[in-house]
Structure formats: C-alpha cells, structure tokens
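Okay, so here's the structure we're looking at.
Derivation of every value follows stated rules applied to the coordinates shown; laboratory data play no part. None of the values given here were measured: they were computed from a predicted structure. Please note: Cβ atoms are built from the backbone with ideal geometry, for glycine as well, and neighbour counts cover all protein chains shown.
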Amino acid sequence: RADATLDRIASRHEIDVGVMIAGSPFGSLDPQTQQPRGINVDLANDIGKKLGVKVNLVSVQPSTRVQFLQQGKADILIANMEYTPQRAEILDFVPTPYYRVGGTAITPNNSGITRWEDLRGKPVCISQGSSYIRPIVERYGAVPHAFPGASQSLLALRGGSCVAAVHDAAPLLYPLQQHDPEWRDYRTLQPELIPASSVIWVRQGEKDTAAKLNGIVEEWHRSGFLIASEAKAGLPPSPALVEWHANLPKGP
Amino acid sequence: MNRIALASSSTLNASPARDSHTQDPLLTIRDLHLSYDGVPVLNGIDLTVKRGQAVSIIGPSGSGKSTILRCINGLVSPQRGSIDIASIDVRAQQSDAERIALRKRVGFVFQQYNLFPHLSVLDNLTIAPRRVLGKSRAEAESDAHALLAKVRLADKAHAHPGALSGGQQQRVAIARTLAMRPELILFDEVTSALDPETVGEVLNVIGELADEGQTCVLVTHEMRFAAEISDEVFFTERGVIVEHGPAAQLFGQPRHERTRLFLQRARGEDRSHPPLRAV
Amino acid sequence: MNRIALASSSTLNASPARDSHTQDPLLTIRDLHLSYDGVPVLNGIDLTVKRGQAVSIIGPSGSGKSTILRCINGLVSPQRGSIDIASIDVRAQQSDAERIALRKRVGFVFQQYNLFPHLSVLDNLTIAPRRVLGKSRAEAESDAHALLAKVRLADKAHAHPGALSGGQQQRVAIARTLAMRPELILFDEVTSALDPETVGEVLNVIGELADEGQTCVLVTHEMRFAAEISDEVFFTERGVIVEHGPAAQLFGQPRHERTRLFLQRARGEDRSHPPLRAV
Amino acid sequence: MDASLHSILAAAARAGFDFRFLLDAYERDPFLHGIVVSIEIIVATMAGSAIAGLALLVAVRGRRVWLANAARAFIELTRSTPTLVQLYCGFLVVNMLITQWLQMHHVDNPFKPFFWIVLVLSLHQGAFHAEALRAGFDALPAQTIEGAMSLGLDRRSRFWRIELPLALRTALPTLVNNAVELVKASALASAIAVGDITYQSIMIWTQRDNVLALMVLILLFYGALTWLVSRAGRWLERRLWVPGYGA
Amino acid sequence: MAHDTLAPSSVIAASRGRTRPLSGFASGTGAIVGVLVFGALLWAIAPESGSRLDTLRQLVEWAPALAHGFSLNILISLGAVAIGTVAGVVAGAIALSRSLAGRIARWSIQAFRNAPWLVLIYFTTYVFPFEFTVFGKTLPFPDWLKVTLALALPASANIAEIFRGAVASTPTTQWEAAQSLAFSRRQVLVHIVLPQCARRMLPPWTNVYAIITMGTALSSLVGIHDLIDTAQIASSTVARSSFTVLTYVATLVVFFAYCYPISRFTRWLERRMNVQ
Ligand SMILES: Nc1ncnc2c1ncn2[C@@H]1O[C@H](COP(=O)(O)OP(=O)(O)OP(=O)(O)O)[C@@H](O)[C@H]1O
Ligand SMILES: Nc1ncnc2c1ncn2[C@@H]1O[C@H](COP(=O)(O)OP(=O)(O)OP(=O)(O)O)[C@@H](O)[C@H]1O
Ligand SMILES: [Mg+2]
Ligand SMILES: [Mg+2]
C-alpha cells in the first residue's frame, strides 16, 4: 500500500521536487547550461535515481514553497526548510534530517554588535518568509527588514540599511565571511540561532512517502554521499554530517 | 459656369415633372414636436413635399432646420407628430431593419461631407451599394464611375478624401448618396463649410439634380440659390414654420415681419453699405 | 444698424485725419520676400500705410495675405526686404525684448479670435496691460470695462470666452487688442469664421475704429466692407501685389484682368443667378 | 462582541479566507501600520513626482540645449526600463556605493529604503508627467500662442499664464491616470523591505499561508485608493473646466 | 464631444514651430550614451576585490543564462499582449453596450486597471492550480504561464480602454453618415468604425506592449528565472560587489535596448497617423 504521493510518482514515473535556486551552494544556476545545480539539485536527482523515476525540478522561493507543496505542484521539498513545530502542524516530513543549519547574523566588525542581544531595536536584514524572523523579533527585539531573497538582503546590509543580516550560517554566511575578501571586515554571531535540522518536506498525511524517503536519506548518511555533495559544492565540512555519518541522526 | 446650361446637357431622367403640383406627396410631416433633454427644439412642424419637388428650408441658426432633416431620416426620434414617406410612417419604424429599409429610400448629405477617410473615393461610393443593397463589386463600380463623371470627378476615383478640396469632397458625398438611388435626398447646408470660390461647383450639381426631377429637401443659407431652385420655401424660427410658399412669393413679398427681417439680415450689408455694383 | 450713425456718436479721437494723405507713413514694406521650407510665399511685397489710414488687402486664398500681417508683427521672419514701423526696422528686432516692444505698438486680431479660453473676458483684456505694460489691476480693469462698453459687451466681463457667440468673441478679441492702445492694428479675416448674421456686429466695431482715425490694415473677404472703409486697397496674388489704389478705383475700374476676374468670382452667384433684388 | 468576532473569523477561515491574523497584535499592528506607510509613500511620491515632472518639463522646453537633451535622455531612459530594475539599481547599487563612499569619510548613510522608493517612483512618474505635459503643450492651438505673442507677453508670462494652464487642462486626464499608476506602483516598496501594506501582507502570509484573505484586503485597499484618486481627478477636471475647452 | 480627432494642421504647425526639433536620433543616442556612461561610472567607483577584467569575464560567462532569462521576459510579454489584445477588444466591444453585460465589462475593466500588477502576479501564482485536466488529459499550468495571464489581465483592461477610446473618438458624424446610408449598427462597426480605430489604436497598443514588457520584471518576485532573477542568482553566486553592479546595469541596458526602439516606433507611428 502506498499513499497518494507515491501512487502519483509511480503512475507518472516522475517526481516533482521543489528546490530553492537562489544563488547559494545549495541551489544556483550553471551559467553555461542554465541548468540548476547545487546540493538541493544533487539530492533531488539522487532520489530520482533511487526511485527509478524522472525528476522534475520545481524552482521555489521562501514565499512560495509551502503553497507549491500543498497545491501538489511539488511532491516533495528539498528547499533549505528546517524543521519547526509550526511547520510540522501543516506538513509532514522525512524524519531523518539531511543537514543541520542554524541562523547567524553577519555584521560589520565596527558595528558594535557582538551578541544577539545587541540587535534590540536595530534594523536587521533578512529574507521574506525566513524562519529566523520570529526568533529575532520575539527573543531579541530586532526590527526585521525582509527582502525578497538573501542576495538583496546582503546588498542592503552593505548599503547600510541594516546593522546585520540574518541567514543560514553554514551554507551561506560562513563561507562568505571566510572566503570572500569583500566580507573580510564582517563577523558572525554565535551561538547559532535556532539550530535546526533540514528535512525533506511532504504533504500532510503522506507518511508512506516520508518513510520511503527516510530510507534513502539514511543511505545517504551511511554512504557518505552527503559529505561528498557538500564538498563538491565548495562548502566547509559540517560537524553534524560527520557525526551523522558515524551514527545515524535520531530525527529532528 | 452656367448651371442651367449644364443641366440641359444632362441626359438622365429627361422631362422632369417639377411643376406638376397635382402629384401625390412623397413626404408629409404633421405637427412634429421634439425636445432634447426637455429643451423644446421643434414645436409643431407641418411640411409636405411632392414627388419631384425641390423644397428649401431657411431660417436663423438654431431654429431646428437640421433637426427636421434628422427626424425625417430617423436619426433622432421626435416625441409627437407624424412623418410619412410614401405612406410609410417613419415613427413606427423602430427596429433596426425597418430603419434601414427607410434609409435606403432617403439619402442625406451633410454639411461636413462625412466621407469615410479610410476608403478611397470609389470605395466610399461602392461600400453602401455593396453591403446594403447587395450589389456586385463590378456593378457598384460601374455605377460609381458614372456618378463620379456626373459630378465631374471622374479622375479622382482612387484618391482618398483627405486629398480632395472641400468642394470636391462635398461632390463625392453627393455622389455617394446618389449611389443608393434614394427617392428623397436631404441636403443640410452643404455649402456652408466651403470657401466662397468653390460653393458654385456644388450648387451646380444640386441644381442639376433638381432639374432632373430628383425630390429633395435643402437646408441652406444661400438665399439666391434657394430662390432659384425651389418649388417651395419654408421659413423656420424657434421650431415652427413661420411662413411657407413658392420661392418668388416668399422672397418677394414675405408676409411675416420676422421673415422680412431675416431676409434683410441675410442680404446683410446690402442695406447699410452701398451695393457693390454701384462702386 | 447703421455703422456711420454709430461712428458719429462715438467720442474718442474726434476729428480723424483720415483723408489727409500728406502725413508720414506709419508702416512701410519694401520688397518683402519669404518662403516656408523653400516654398516661396511672398515674392516682393511693397506696401505703405500712412498714420490714420485704413488699408485693405484682398486676394485669393493662399496668396499670402495673412503672411504679410504676420511679418509685420514679427511672428514670422522674412528672408529679404524691409519692414519699418514708425522708423523702426522690424527685421532688426531679433531679441525677445525688442519684439515685445514692437508688439506693444502693433495689435493683431485673428480670424479665430484666439482668446485665452481659461481666462474670463475681463482677464483676457487685462492680462497684457498688467503683465506687459505693468498697469495696476484697478487701472487695467477700469480700462477694460470702458472697452467692453465700447464693443457693447459690458455685461459679459465675467463670462468665459467659450460661453460667447462667435461675434461676441471676436469683439472681445478686438477689445483685447485695443487695451494695449496700439498705433497700428492688423485684422486678419476677422469675420470669416462668423455666421452671416453676426458679421455685421463685428464690422460695425471695426468701422467705428477706422472712423476714429485708428490706423489699421485689414485682410478681408467682405468686398463691400473693404470698399466702404478703406483709404487704399491692395490686391495680392501668389505673393505679389498685383494692383493697388483707392477703393473706388480698384473695385470700380480694376486695371488688371486677374483683379477683375477675382472680383467677379467674389461676387459669385451674382452672375450665374439673377440678382436677389429682382426676385 | 469579542466572541462573535472570533466566531465570524473562524467561519471565514473555514471558507478559505483566514483573517485570524487580525486577532494577533503581533501581526495586526504591523499590518495596520503598513496601511499608513503605503499612504505615506503615495502622498510623498505624488508631491515628488509633480516637482520632478515640472522640473523635467522646464528643462526639456528650456533654451539650454544640453540641459534639454539630458532631460530628454533621462525621460527616455526612465520610460523604457522597468521600475523594479530602477529600484534595485538605485537602492541596491547606488545606495551601496554611496554608503561605502561615506564610510570612508566616517559618515552614516542618511538614505533609507523609504527615501529610495519615493525617489525612484517620483522620478519615474515625473518622467511620465513631463511627457503628458509635453503632449499638452504640443496640442496647444498655435493661434492661442500667437494671440499671446501678438499682445507682447514675454516667454515667462506666456509659459506660466497661458501655456501651462491650458496644457495642464489637456494633460489632466493623463496626469490623473499617471497618479493611479503611481498608487499601484507603490506596491513595489515591498521589494526593498519598506513596510507598506504589500510587504506586511507577504510577511503574514509566509507565516500563515492565508494568501487569498490578504489578497482581498490588498485589492480592497488599492481599489479604494485608486477610486479616491480618480474621484479627485474628476473633481479637479470639473474645477478647471472652462466653456469651449475640452469635452 | 471633440470630433476633430485627426489633429488639425494648426496643431502640427504649433509643435513644429515651438518645440525644439530634437530629433529622435539625438535624444535616443543621448539616452544610450547616458546609460553607458552612468553604468561605467558606477562600475568604476564600485569596490573591486579581484581584477575588473575578471569581473567582465564572469559577465560574459553568465551572458547565456541572462539571455535565456530575458527570452522568458519576451515570451511572457508576447503572450500577455496577445491574450490581452483578444480579450481586450472583446471586453471593449461588450463594454460599449448599455446592457448588464456592458456594465459588468466596464466594471471589471476598471477593477483590473486599478489592481497593482504585483498583486495580480502573486494572485495568479498562488490561487491558480499548477495543472488542470481537460477531457481526461492533465495539462501543466507552469508558472510563466500564470504570470503571462496575470499580465494579460491589466493588458486586456488597458487595450479595452484604448479600444473604447478609439471608438468614442470616431466622430459621431461618421456613425450618422453610415447610418444614413442604411448601414446596420454592426455594419457601421465592422466596415466604418473598426478600420478607422485600428489605425488609431496602433500607437497606444505598442505602448501597452512596452509597458507590459517592463512589467515582466515583476515575475522575478515569484521565482520565475527571468532576466532579473537570473541576475540575482548570478550576483549571489559570484558574490562580488563589482559584479553585482555590472549585472544590474546590464539588466537596465538590456531592457532599455528592447523597449526604447518600441517606444520610438510608437512615436513614429503616432506622427505618421497625425500627418495623414
Ligand atoms: N444633440 C443635441 N442635444 C441637445 N440639443 C441639440 C442637439 N442637437 C441640436 N440641439 C439644439 O437644437 C436646436 C436646433 O438645432 P438645429 O441643428 O436643428 O438648428 P439649425 O436650424 O440647423 O441651425 P444651424 O443653421 O446653426 O445649423 C439648437 O438650439 C441646438 O442647440
Ligand atoms: N507655417 C507654414 N508653413 C508652411 N507653409 C505655410 C505656413 N503658413 C502658410 N503657409 C503657406 O503660405 C501660403 C500663403 O498663406 P497665407 O496664410 O498667407 O494665405 P492667405 O492669403 O492668408 O490665405 P487665406 O485667405 O486662405 O487665409 C499658403 O500657400 C500656405 O499654404
Ligand atoms: Mg444645421
Ligand atoms: Mg489667411
């Protein structure tokens, strides 16, 4: 017995995977071929391979991804979407996470901001629909300025519209701060904000799909596929992946 | 150019019955009342035109002359009274189809020509015969060429209206109306948009038509022309016919003070300046 | 209405020196040439107007009459020849300030009235005196009221031009020009946009001005009026003055064949139709 | 009272229109503030675009050729590129460069996103206003201008007393239309995180997924504003109407 | 009602006489030079962490992706205007009638004219299904098509207005003249009014096209990989300020290079129509 999503995948021999293509190592475009590339895309393709079906990539935005999944435009989401209890109320997910991210704030060295608490009352650049909006507002009293995407948000930070920008730490801000000479004079805040596990999301009630995918994700951890993908995308090795490779994660 | 001479050289409709006043009326208007948004414009018009007659309506600006013509053609609907054209009650013709049937019998020539600017002269003349009367292109075109010759514009068939002078455009408009072979033609101040030197061209054409026995109703400011061409002249003021009668009588011995005054004014400087001839 | 009677009742500028031809010329045009985009329009115009004279220019449409007036006022720049107004060389006035100085002395009344539609009649009359001559509002307004009375429109001071009839608008335009107290007024076919019944109103006003000794140049199609009012008449054709002379001579015994033909045509139906008087 | 409101909102939510955010001050207050911000943007831009339009017009019709050419080129550029791109170029690019330049002199950048949205929209709509006015000027009857010239009025008086009032009347329908466009374009503010009504709505619907409900509110809001603007335009048309001019 | 829709010659003379004869070529060149100089200036003062040559090379590398993005803009704009024209003329014709349908048409034309495009785009993206089934066949309803429809709505409303305006600006005397020749209402519309309207509608129509093309920039906000979205992805991927400046300026130039000739062409059409 399979649930609706699996039936659908099986009957069409296709799976529609929502991926976020925003120009990060997780999702970007190949300038030569104009095809999507990045970790999200690698994972989606591997799922297709393992299920033996064709993969259709559906490009999603933070502001559209939940709609698209619920509508059925995407069967699953591999879109930098961390587990939160609120999301778990409206969607189902694959219990084994494939990545672990927390937010961090990137801020100029001379901004005088060294702790999250320093953001109180200060403008902070962020993406529309980001899960970090609520914590920075409710915990730290920051004033969010939400842009359509991370690229506008970071440009706005450099334009002085905010004192800091809050985005995913490991996949986005750490590499920027470490490797990019333009961001040399910026620092990031610790500890990470609501570190949470990135999971693959499915529509509510699609337990069988989740179970099936769970096997694939576990296999990714065992085989070291995720660590390889991360390295291929040029990301620094994340401790969580190494740990999970040693013993499978317990779930978010 | 002498109009009479031209007219006699015409061959269509020989021996018109212009002065046989015994014929049946083609157009009868009785007690016509009309107001625009409550403003009365026509206040009881009575007017009869017999087949073959040429009738003029004169009167001051705003007295309702154009409105009478527009009622006859069904372009506006009067509130009271009757209009009969060849025993058809115009006011009863309410449907589109009935009005179209009526308009096939009644032509209208406007002060501003109103040619279709996007069509050549020839197409202006043939579009209605082809679309409305269902004539073939060949038939409509040979007809049109004959009419263009008649109004002395044979060489302008392929010009666009915008390329013609006012007088030429007005003659095309007359030919366009004639192409429908209407029983009755209404002319509304067809020369008042023309410059003085070209008025003659157009008046000559209309004069010829009248001589050939075409029934027509003319609204005009050209008193001399009206006097010469008309079997009967109606003088309107404030939506009523103040006076009517044969041209000679109305222009020669107007009965009403108001008519006298209007004719005097229309002659204009004749009274206050010495006549030009005498200079 | 008798123009002469009205004129004699006027009080401004008594005893005009209209027929003293010994006075110095106010306007002298010599060998004026002008072409628009290479198309020659004026081909050597010579014309003199003495102070206090009323001069008419007649001629067929397109012969350059309006263009002459526009040159005099500096609205267009001729390519050759000279124009002198009271010994000022018009063509040398190239700067804005110089042209404005010139235009204070020369008024222009247009065929299409050219009133300012967004200003009341009173403001139309006062705007130039206030902005150009620097008069106070009170002074300009009292002046304007006097002029409106003169053109018999005292009650229309607060109307907008669009609400007036053509004849009334034209009289406002004349008053507007008079408000600048110009030495010379140019009238360009001021009655040809008017309907026949209102032409008289405007001609009466101009006649009065001429009788009062206002120097004016008139372009007109009203031959009778030109004949009566003018000290001298110029006939233009294709940008040259074909003939000129006192009104009686030019209208009575035109010397040139072309003038004769034009006058004949202008009289129009007089020839092909029996004269109206005889009806 | 409160209970009935709750039950109405719950019913609406079941029908697919989830307005429950109105009960949560954390979301309701920013939304209401967004309405205020939208109106602020619109009012500021209307004033700004009027000034920009007039300035461009004067430059285009002025006697300095290089200025006229520059103004023309600016108008062409603004009219032929998307407002969103202009906004990004202004706010993301120019603003960033200004900030970096100011930082070298240890000065804070005083220009906020609100300033940029008002500036970009003002210049954009100003270019359209200038075009509308220019068309109005071109449609002025030559005779009216000659009438003014023949009375000896100088350039300045002609411009301010005769030509502008008349051109304004001709251009008014287009200007009002531009103002309606401006109201609509103000929604772009959300793209640079100015907290207008669209921005606040996006913030809410990315959390609550009640897009339909918010769309209805947004459409009502803009509908009401554009209706107001066109009413005001019609009132102005009536006020400026003079007999014999225009329909 | 103004009957003289064809500008009287005096008006043309006026514009000829008083506005400086700035040839289209001159101002166009001015605008192009302006864009390039402005762009070069921005780029010159933009901080550069690598070599500028390298930045240029990156742009060249991304050029095919950007071009692909822009082809989406063009596709969407063409689709929107094609749909909008058909729908607009139909709606405009219905709106002319006094019936209830006419009132509804007029009402919806106003509604779509007054709705912000951004909102319409979000609306169609979220509310329309991603696929639909006709006769048992499932057809996808891709995002770009939704955006096309979203832009077709205001396009059709604008074109309906243009159509209504063109019909209204056909002198009533043309209707009367045709009616007096015994034409039916439909015949007047088809043979007399429409041919005159089509000519009059052409310039504003090309204008709508240019405006819609610029409106396609908004599709980036719902994740269509159009020119602007691609530019954003490129600038995040390359992550260099000077490259960001360069891509945004390039975006500006591309739109300008496409829309400006259209607006010149519109101007030219307008002049031609006026002269005749
Ligand atoms: N469509 C209309 N709506 C309202 N009033 C109108 C309309 N058409 C004409 N009128 C008014 O009806 C009156 C008579 O107009 P009509 O055109 O019949 O006069 P006319 O005798 O032909 O005058 P003219 O010699 O100036 O053409 C005028 O006062 C006019 O203002
Ligand atoms: N601005 C212009 N550009 C080009 N040609 C012009 C211009 N103004 C007038 N013309 C031409 O100059 C010639 C003379 O025109 P003008 O207006 O002086 O004639 P007119 O004698 O006043 O005629 P009318 O009696 O018709 O007013 C005409 O052929 C006209 O077409
Ligand atoms: Mg009439
Ligand atoms: Mg003239």
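Summary of values
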read-out: Cysteines without a disulfide-compatible neighbour (Cβ-Cβ under 4.7 Å), the protein assembly as shown; value: B:CYS71, B:CYS216, C:CYS71, C:CYS216, D:CYS89, E:CYS197, E:CYS259
read-out: Sequence-separation-based contact order of the range E:50-273, relative, with Cα cut under 8 Å and 6+ spacing, percent; value: 29 percent
read-out: Kirkwood Rh, angstrom, the range C:84-205 [1 / mean 1/r, Cα pairs]; value: 14.9 Å
read-out: Local net charge near E:THR29, Cβ-Cβ under 13 Å (Lys/Arg +1, Asp/Glu -1); value: +1
read-out: Positive dipole terminus of the range C:131-279, leading residue within C:GLY200, C:ALA144, C:VAL219 (C-beta point charges); value: C:VAL219
read-out: Between the range C:169-183 and the range D:181-247, the Cα center-to-center distance that results, in Å; value: 50 Å
read-out: Distances in nm from C:SER95 to the matching label points in the other copies, shortest first (labels 7 Å along Cα to Cβ); value: 7.9
read-out: Sites D:ARG28 and B:ARG105, calculated FRET efficiency, Cβ-Cβ separation with R0 60 Å, nearest 0.05; value: 0.25
read-out: Partner chain coverage, peptide E:121-132 - average Cβ within 10 angstrom; value: 5
read-out: Farthest toward positive dipole pole in chain E [+1 Lys/Arg, -1 Asp/Glu at C-beta], among E:SER235, E:ALA82, E:VAL222; value: E:ALA82
read-out: Cα Rg, Dmax (largest Cα-Cα span) when computed across the range E:50-273, Å; value: 21.6, 78
read-out: Under 5 Å, built H, 5+ apart or other chain: amide partners of A:PHE147; value: A:ILE126, A:SER127, A:GLN128
read-out: Efficiency of FRET between D:ALA232 and B:GLU183 - r from beta-carbon atoms, R0 56 angstrom, step 0.05; value: 0.50
read-out: Value of Rg/Rh across chain B [Cα atoms, Kirkwood radius]; value: 0.96
read-out: Cα convex hull of the range B:156-279 - mean projected area over all directions, nm²; value: 9.9 nm²
read-out: Most positive-pole-ward Cα, C:ALA154, C:ILE100, C:ILE58, against dipole of chain C from beta carbon charges; value: C:ILE100
read-out: Under 17 Å from the A:ASP208 label point (7 Å along Cα→beta-carbon), backbone N, the range A:45-75; value: A:51-53, A:75
read-out: Relative compactness, chain A, computed as alpha-carbon Rg over 2.2 N^0.38 Å; value: 1.01
read-out: Pair C:ASP195, B:ILE88: separation of 7 Å Cα→Cβ label points (nm); value: 3.2 nm
read-out: Student exercise, the range A:5-48 dipole from Lys, Arg, Asp, Glu Cβ charges, in Debye to nearest 20; value: 60 debye
read-out: Computed label-point distance, nm, for sites D:TRP160 and B:ASP37 using a 7 Å Cα→Cβ extension; value: 3.8 nm
read-out: Cα centroid separation, the range A:62-141 to the range A:193-252 (Å); value: 18 Å
read-out: Mean ellipticity per residue at 222 nm, deg cm²/dmol - from DSSP H runs of n ≥ 4 across chain E, formula -39500 (n - 2.57); value: -26000 deg cm²/dmol
read-out: Stokes-Einstein D (µm²/s) once Rh is taken as the Kirkwood radius of the protein assembly as shown over alpha-carbon pairs, at 10 °C in 1.306 mPa s; value: 43 µm²/s
read-out: Whole-Å semi-axes of the ellipsoid equivalent to the range A:151-252 (Cα gyration tensor, √5λ, descending); value: 31, 17, 12
read-out: In Å, descending, principal axis extents of the Cα set of the range D:1-89; value: 69, 22, 19
read-out: FRET efficiency, E:VAL37 to D:ALA47 (Cβ-Cβ, R0 35 Å, nearest 0.05); value: 0.70
read-out: Inter-copy spacing of B:ALA154 label points, which lie 7 Å from Cα along Cα→Cβ, given in nm from shortest upward; value: 6.5
read-out: Around C:LEU147: net Lys/Arg minus Asp/Glu count, Cβ-Cβ under 15 Å; value: +1
read-out: Relative counts (whole %) of C-alpha pair distances in the range B:22-128, using bins that are 5 Å wide; value: 2, 10, 19, 21, 19, 15, 9, 4, 0, 0
read-out: In sequence order, calculated HN-Hα J values of the range E:95-104 (Karplus, 6.51, -1.76, 1.60; Hz; x Gly/Pro); value: 5, 6, 7, 8, 6, 4, 4, x, 5, 4
read-out: Spin-label model distance (nm) - A:LYS50 vs A:GLU192, 7 Å beyond Cα toward Cβ; value: 2.1 nm
read-out: Where only alpha carbons of chain D are counted, the Rg and the Dmax (Å); value: 22.7, 76
read-out: Electrostatic dipole magnitude of the protein assembly as shown [Cβ: Lys, Arg +1; Asp, Glu -1; Cα centre; debye, to 20]; value: 740 debye
